[in-house]
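Below: one structure, written as structure tokens.
Rule-based calculations on the coordinates, nothing more; no lab input. Just so you know, these numbers come straight off a predicted model, no measurement behind them. Using ideal geometry, Cβ is built from the backbone for each residue, glycine included, and neighbour counts are taken over all protein chains shown.
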Amino acid sequence: MSNSNNKKMKNKAIKIFCIAIVSAMTLASCDKGFEEMNTNPNALTDPAIKSMFTLAEIYVDGQDFSNTRGNNIYAAQIVQQFSSPGGAGSKYTYSSEYSAALFGESYGKGLNQIYQLMSVLPNTDENSNTIQALRIMKVLMFQKLTDTYGEVPYFEAGKGYNGNIFTPKYDTQEAIYNDLLKELDEAGTALDANKGFVGAADLYYQSDVARWKKLANSVMLRVAMRLSKVNPAKAKEYVEKAVAKGIFTSNDDSLVLKHDAGPQGVRTNPITSAWVTNDLNGGEANIKFSKTFIDLLKNTNDPRLRIYAKLEATGDNNPANQQGLANDAKDFPGGDKKVFSDPNTSTVLRLDAPTLIMSYAEVQYILAEAAVKGWNVGGSAQQYYENGVKAAMEILTIFGDKVPAVTSAEYNTYITTYPFKTAGTDAEKIEQIITQKWIVLLFNGFEAFSEYRRTGYPVLVPVNDPTGETNGTIPRRLIYDQSELLTNADNYQQAISRQGLDRMTTRIWWDKQ
């Protein structure tokens, strides 16, 4: 994207920060077909409600701006899923636009859309399930935000619509987390198959209320486990509550968002469309798979490697020929970018590749960790670990059949060769679980970054580059959108006075040593 376009998008994010712009401006930059939604939001028609709900779902996982900059360049490189010479994430350098991308886009698009729709929907039986689903989507977005930055505007966010609050205060992460759990608990319980919903406008589950309930409880698992160090009693309470209420039971429950191959816009995959269109260039891309990621899969003969990676220049997806780029690389060794592995454009980097927002495999890994801790989750750590590995391999069929799927025989060989460490220490077991979670979280760098900070796994060798901001330690957060110093200075200053300096090395509330 050109510098001119970057500046335009940045300026737009600043203008609509805090979700306070009037509804007529909300979708001014979105694809044709959404412009008429907000003509008069106080007199919404049923088609407008459904269209706005669909767009909210699309925005939950972000658009090209935050995914290219915050996810691919920062988070996924910090946790060494990907690498790039001079990359901000690989070298822990600071880029104001990259670091701020998630902050500006989340408030300016996804949360804006959710709060706008919630502000005008009457709380009736007809709208009840729609409202509960919006509450769940709001949690997905806010957890990513607060985990990335720490304190963020939460309780006063969206109050520009009905409260005339245009400079919302930042809230402590503890208060935010308490409310995220409350919202999931209440919304999941309130979902009712006998009440109205949005029909096919629901891209996630086609208005299947039972699956939405499982989503609410599975997200509760994710949110609760993040508290495992800072408040283990509360983490245990809500993990066990989520299990009792009902969580994902198969890959069919996984939250998968389908995309179109084109034209480029809100319906295309926000990672693949930008990567293929702007960066891939026949294998000449600067962002490659990390050596850490490729070596782990190669050294364990992981059958997923042929699905994940290939050499774009030749189309070679033979696992033996894949090569990752070290995160401390200052350039491409030998000067040839084409010999380093790219994401596979026949599968995970297809233009219309679906986004795996939350998987059944992730849920199984959370349960495996909970079982190691001795919590009441109804099964053994080994059982959940094996379920997770199998599910993580099988879910890759969502990326099509151009590369052979992992077979049952391949899974059996893998799990027999690298079994769960039943005789190991708790730390060894959790390392094994989180390392597998790190694999399945490919393309969800924000979540992988959070899990690394919470657990310290997988074990990564930090990069100590002279251009970095951390003196050779792996970052603990990203730096806020610096437009806050202009638009919300007092509240920004109060946040950093509580949390610590606005630096990449400052630990957020749940990130305890």
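Summary of values
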quantity	calculated
From phi via Karplus (6.51, -1.76, 1.60), per-residue ³J(HN,Hα) for region 139-146 in Hz, x at Gly/Pro	4, 4, 6, 6, 5, 4, 5, 5
222 nm mean residue ellipticity, helices alone, for the chain (DSSP H n ≥ 4; -39,500 (n - 2.57); rounded to 500)	-13000 deg cm²/dmol
Region 272-343, dipole about Cα centre (Lys/Arg Cβ +1, Asp/Glu Cβ -1), debye to the nearest 20	160
Interchain or long-range residues, amide H under 5 Å from residue 310's placed H	342, 344
Sum of side-chain charges, residue 306 neighbourhood, beta-carbon under 12 Å (Lys, Arg +1; Asp, Glu -1)	+1
3J(HN,Hα) from dihedral phi, region 364-372, Karplus parametrisation 6.51/-1.76/1.60, rounded to Hz, x for glycine, proline	5, 5, 4, 5, 4, 5, 4, 5, 4
For region 57-65, 3J(HN,Hα) per residue [Karplus equation, 6.51 cos²θ - 1.76 cosθ + 1.60, θ = phi - 60°, Hz, x = Gly/Pro]	4, 5, 6, 4, 8, x, 10, 4, 4
Label assignment, Rg and Dmax of the Cα atoms in Å derived from the structure, set [x] 21.8, 65; [y] 25.2, 81; [z] 23.4, 89	[x]
Anisotropy class of region 272-343 from Cα gyration tensor, a/c 1.5 cut	oblate
Residues whose placed amide H lies under 5 Å from that of residue 465, excluding near-sequence neighbours	472
Around residue 126: net Lys/Arg minus Asp/Glu count, Cβ-Cβ under 13 Å	-1
The chain: relative contact order as a whole-number percent, Cα under 8 Å and 6+ apart	20
Charge dipole (debye, nearest 20) of the chain; +1 at Cβ of Lys and Arg, -1 at Cβ of Asp and Glu	620
Those aspartates and glutamates that a straight Cα-Cα span of less than 20 Å connects to residue 402, excepting residues fewer than 8 apart in one chain	260, 302, 312, 316, 342, 352, 394, 410
Exposed-loop-free span, longest in the chain, where chymotrypsin sites (Phe, Trp or Tyr not before Pro) count as exposed if DSSP calls them loop and at most 15 other C-beta atoms lie within 10 Å	167-513
Candidate aspartates and glutamates - alpha carbon under 13 Å from residue 421, same-chain residues fewer than 8 apart omitted	369, 386, 431
Nonlocal amide H pairs with residue 152, under 5 Å, H built at 1.01 Å	171
Pairs from 138/241; 214/373; 291/338; 288/338; 50/144; 182/213 whose Cα-Cα separation, in the structure shown, is over 18 Å	138/241; 214/373; 50/144
Charge-dipole axis of the chain as Lys and Arg at +1 and Asp and Glu at -1 on Cβ define it, positive-most pick from 299, 139, 201	299
Mean Cα-pair separation over length for region 272-343, i.e. relative contact order, pairs under 8 Å, 6 or more apart, %	40
Spin-label model distance (nm) - residue 277 vs residue 166, 7 Å beyond Cα toward Cβ	3.3
Zone residues, region 362-401, relative to residue 422, backbone N less than 15 Å from point 7 Å out along Cα-to-Cβ	372, 379-387
